[in-house]
1. Given 59, 101, 48, which one is within 26 Å of residue 32 (Cβ to Cβ), at pLDDT below 85 and touching a strand residue (DSSP E or B) at 6+ places or on another chain (Cβ under 7 Å)?
2. Within the range 50-100, how many residues turn out to be open to solvent by 30 Å² or more (accessible area, probe 1.4 Å) and either assigned to a loop (DSSP other than H, G, I, E, B) or acidic (Asp, Glu) (or both)?
3. Name the pairs whose Cβ atoms lie under 6 Å apart, with the first residue in the range 76-93 and in contact (Cβ under 8 Å) with a residue 12 or more places away in the chain, the second assigned to a loop (DSSP other than H, G, I, E, B) and not charged (D, E, K, R), and 6 or more positions between them or separate chains?
4. Considering only residues that are over 12 Å from residue 31 (Cα atoms) and either free of Cβ contacts under 8 Å to residues at least 24 places away in the same chain or within 16 Å of the chain's Cα centre (by Cα) (or both), which ones fall in the range 41-53?
5. Against the condition crowded, with 17+ Cβ neighbours inside 10 Å, in contact with an Asp or Glu (Cβ under 7 Å, 6 or more places away or on another chain), of a type in the set (Gly, Ala, Ser) and in contact (Cβ under 8 Å) with a residue 24 or more places away in the chain, how does residue 29 come out, does it pass?
6. Could you grab the pairs with beta carbons closer than 9 Å, sequence gap of 6+ or different chains, first residue in the range 56-73 and more than 30 Å from residue 92 (Cα to Cα), second one surrounded by fewer than 17 Cβ atoms within 10 Å (Cβ to Cβ) and hydrophobic (A, V, I, L, M, F, W, C)?
Amino acid sequence: IAVGVLICFSGLGNLLMSSSVTGRIKRSSIRSFPCDEEMEHYIESLVEYRVGGSTFESEGLHRFSSTDEGAVRERLGRIRPGDPVCVFFKPGDPEVIDLDEAPKDRWGSILGGAALVAAGLTLLFLAGRSFAD
């Protein structure tokens, strides 16, 4: 049940990140994360953008990733300070951002999490009935 609730909230958080503005890249670098038995490489950029009359400066990951570090380095070479970038932010917390496109798997996470919660509650209900007999 707890895992389902966490997955639901993750999906809801991503769903809220549907507002976007255009920002400007200040600097970019590669971030790598373990993924199965390989490393997944992402491009992370520090961007400046305006939301509701306030200027923000936050780091966010671009949606492009690969286990081929050379491909990511090649893509990084095409990103320059001052380049425009689409910044997706969470209303109410505009410092939480994603770059290029809105987070994916919003409804999948919400529905998958809800299914886990429903399955957990069903199992608890059935277990309670078997103890009552």
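1. Only one candidate passes the filter, namely 101.
2. Result for the range 50-100: 20.
3. Once the first residue is in contact (Cβ under 8 Å) with a residue 12 or more places away in the chain and sits in the range 76-93, its partners that are assigned to a loop (DSSP other than H, G, I, E, B) and not charged (D, E, K, R) give 88/17; 88/102; 90/17.
4. 46, 53
5. When the stated conditions are applied, residue 29 does not pass them.
6. Pairs found: 67/35; 67/39; 69/30; 69/39; 71/64; 72/30; 72/64; 73/30.
The values are calculated or read from the model by the stated rules, or taken from the named source; none is laboratory data. Everything quoted here is computed from the prediction, not taken from an experiment. Every residue, glycine as well, gets a Cβ built from its backbone with ideal geometry; the counts of neighbours run over all protein chains shown. Note: areas computed on protein heavy atoms with side chains; ligands, DNA, RNA excluded. Shrake-Rupley method; radii C 1.70, N 1.55, O 1.52, S 1.80 Å.
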